[in-house]
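To start, the structure under review is shown below, and the notes come after it.
Bear in mind these aren't lab numbers, they're just calculated from the coordinates by the rules spelled out. Everything numeric in this text was worked out from a predicted model, so none of it was measured. In this analysis, Cβ positions are derived from the backbone assuming ideal geometry, glycine residues included, and neighbour counts consider all displayed protein chains.
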């Protein structure tokens, strides 16, 4: 078995503002190079997608035509085909009818506000959902002592960032 050696990497150290400026300029150049690579990749992907879509267009149209025909057939002969089961195995696939989950929709001309009003009028309050949550935007203005009473702490951090400005970096960098 070959013996592996471990080496500890030496971190790059920034000693002054000129070195920091150079590092940010190099980061901007790297970002630009990555953008060129990603643009070429996206062009290749778009071309491949367009080619595949053109090749599959006729197939998709024929498949949809066949699916529509099978649907019409199944609906027309539903009483004869699906007497024992809701699914029919055709060897290459199954067809059938599946009952959807029940849902509620508003009657024509009735708005949600009208429905809520009727629920209140008839005392059917269990049909109204009420959600409680903390009003954090309001409590941000509270003093520290009041926050502590209700079990909250104001948290704020000063996070470091590097923002690359691509327009400011020369092309050759």
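Details
- Taking the chain and dividing mean pair separation by its residue count, relative contact order in percent (alpha carbons under 8 Å, at least six apart): 30
- Peptide ranges 73-80, 86-93, 159-166 listed from the most packed, as the mean C-beta count within 10 angstrom indicates: 73-80, 86-93, 159-166
- Sorted largest first, extent of the range 80-126 alpha carbons per principal axis (Å): 56, 20, 19
- With 0.36 nm allotted per residue and the present C-alpha distance subtracted, the residue 14-residue 154 stretch has 47.0 nm of extension available.
- Compactness relative to 2.2 N^0.38 Å, alpha carbon Rg of the range 42-124: 1.94
- The Rg/Rh ratio of the chain, with Rg taken over Cα atoms and Rh as the Kirkwood radius over Cα pairs, comes to 1.21.
- The P(r) of the range 104-153 has a tail past 13 Å containing 70 percent of all C-alpha pairs.
- Where the alpha-carbon atoms of the range 1-59 are placed on the principal axes, they occupy 63, 47, 10 Å, in descending order.
- Axis of helix 17-76 versus longest Cα principal axis of the chain: the two differ by about 10°, to the nearest ten degrees.
- Stokes-Einstein diffusion coefficient of the range 51-99, Kirkwood radius over Cα pairs, 4 °C, 1.567 mPa s, in µm²/s: 104
- Whole-Å distance, taken between Cα centres, linking the range 86-149 and the range 1-46: 49
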